[in-house]
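Here the structure is laid out as structure tokens; the discussion comes afterwards.
The values are calculated or read from the model by the stated rules, or taken from the named source; none is laboratory data. Bear in mind that the values here come from a model prediction, so they are computed numbers and not experimental data. Don't worry about glycine lacking a Cβ; one is built from the backbone with ideal geometry, like all the others, and counts go over all protein chains shown. Please note that ligands, DNA and RNA were not included when accessible areas were found on the heavy atoms of the full protein model with its side chains. Shrake-Rupley method; radii C 1.70, N 1.55, O 1.52, S 1.80 Å.
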Amino acid sequence: MEDLVIENLFNGNRELQIQAATQLSKLGSKQRHKLAETGIISPLISMLQSQDFEAIEASLLALLGLAFGSERNKIRIVKSGIIPVLLELLQCQNEELIELSMAAMLILSSCKANKLIIASSGTIQLLVQILNLVNSDPNNVINTLFTNQAKIDAIATLQNLSTCHQIIPLISSSGIIYTLLQLIHTSEKSSDLTEKAMSLLGNIISWSENSISKTTEIPCSIRIIVEAMEEGSPQCKEHAVGILLHICQSCRDKYRGLILMEGVMPGLLQLSVDGTWGAKNMARDLLFLLRDCSDYASTSKQSKHELMEQIMQAIDADGEKVNGTTLALVQEMINKLNI
């Protein structure tokens, strides 16, 4: 059967090529990876350029199978010239092919050796453009073609690329920060889409002061992040508080007031009590940074009650409304805080 798959991919007519690609997808992992050594990636990529829906679909599924679990095959596929072809498919008028092409881009971008090639092929600019279009108008044609899973995979692809420091400046300058904030603002806060968008934003912001400035200069950006911290999934909340902490740490005098103005304290106190392990620690660090005092370095020598008293003084000084629920949260935080 394996020899027949090879023969039909290289020399078969349309029907035989589609049949061979379909059979390839159904083979076991070891068999697929063995066949990849024979050069079958080249005819599969040729099938992607055929303008034939069945051939393209069968080829994409076969290539996804080859790439899954094999860094060597991911590299082979990219070196065979698939990226420009995928970029063309992402602009086609077929929802299923767009979703499969986006899935292929995602899995290929997870390979370290592929990141620079993918980034230098115009992928970042196209993905940002598509995300802008789908977010700007719900009735846009591209919005009906680009499924929610495709949007998540697009953001996840950019996140894969953002793990390479050489690529982050290109991502940061692409306009993606505004795009992500708009997606976070308009999407369900507990959704996978918001969680992925917040994670990517965190990667970008942690890279440079310039990225922080770009973020904070966007109207309502702090408020959008605070809302995600309050209403998002546990992981989304962790990403959000991490972003706020990073912003405040970059220039406390500049950003402390901006963060407090958005009513961050109740949500921050709640997170310090029942967030993930990482979220709790970052929430506590941010609470201490937001205190209205200059001796942050001495916090480790202070008692829990002194720290909470200063936090509450800071809340009062900034006009926060402290109700019984908030006070109860503070007391619970005092009981659980380990410093």
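Side notes on the structure shown:
- Listed by position, the helices (runs of 4 or more DSSP H) enclosed by region 48-136 that each have at least 2 residues that are under 28 Å from Ile177 (Cα atoms) are 82-89, 95-109, 115-119, 123-136.
- All of (1) over 22 Å from Gly122 (Cα atoms); (2) modelled with pLDDT of 95 or more; (3) not small (Gly, Ala, Ser) hold for Ile98 with one exception: (1).
- Applying the criterion of at least 2 residues that are closer than 13 Å to His239 by Cα and β-branched (Val, Ile, Thr) to the helices (runs of 4 or more DSSP H) found wholly in region 137-205 leaves 192-205.
- Looking only at region 2-38, and only at residues there that are assigned to a loop (DSSP other than H, G, I, E, B) and in contact (Cβ under 8 Å) with a residue 24 or more places away in the chain, the one that is surrounded by the most Cβ atoms within 10 Å (Cβ to Cβ): Leu27
- Filtered residues of region 188-231 (kept if among the acidic types (Asp, Glu), within 16 Å of the chain's Cα centre (by Cα) and open to solvent by less than 70 Å² (accessible area, probe 1.4 Å)): Glu195
Residues checked against (1) within 25 Å of Arg76 (Cβ to Cβ); (2) of a type in the set (A, V, I, L, M); (3) within 16 Å of the chain's Cα centre (by Cα):
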residue: Ser120; (1), (2), (3): yes, no, no
residue: Leu145; (1), (2), (3): no, yes, no
residue: Asn148; (1), (2), (3): no, no, yes
residue: Ile152; (1), (2), (3): no, yes, yes
residue: Ala156; (1), (2), (3): yes, yes, yes
residue: Leu161; (1), (2), (3): yes, yes, yes
residue: Ile167; (1), (2), (3): yes, yes, yes
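- Tabulated pairs, region 217-241, first in contact (Cβ under 8 Å) with a residue 40 or more places away in the chain, second open to solvent by less than 10 Å² (accessible area, probe 1.4 Å) and among the polar types (S, T, N, Q), C-beta under 7 angstrom, 6+ apart or interchain: Ser221/Thr215; Ala228/Thr194; Gly232/Thr194; Cys236/Thr194
- The residues listed here are Ile184, Ile247; of these, the one that is open to solvent by less than 10 Å² (accessible area, probe 1.4 Å), touching a residue at least 12 places away in the same chain (Cβ under 8 Å), more than 22 Å from Arg291 (Cα to Cα) and among the aliphatic types (A, V, I, L, M) is Ile184.
- Region 59-81, subset closer than 15 Å to Lys115 by Cβ and in contact (Cβ under 8 Å) with a residue 40 or more places away in the chain, residue most open to solvent (accessible area, probe 1.4 Å): Glu71
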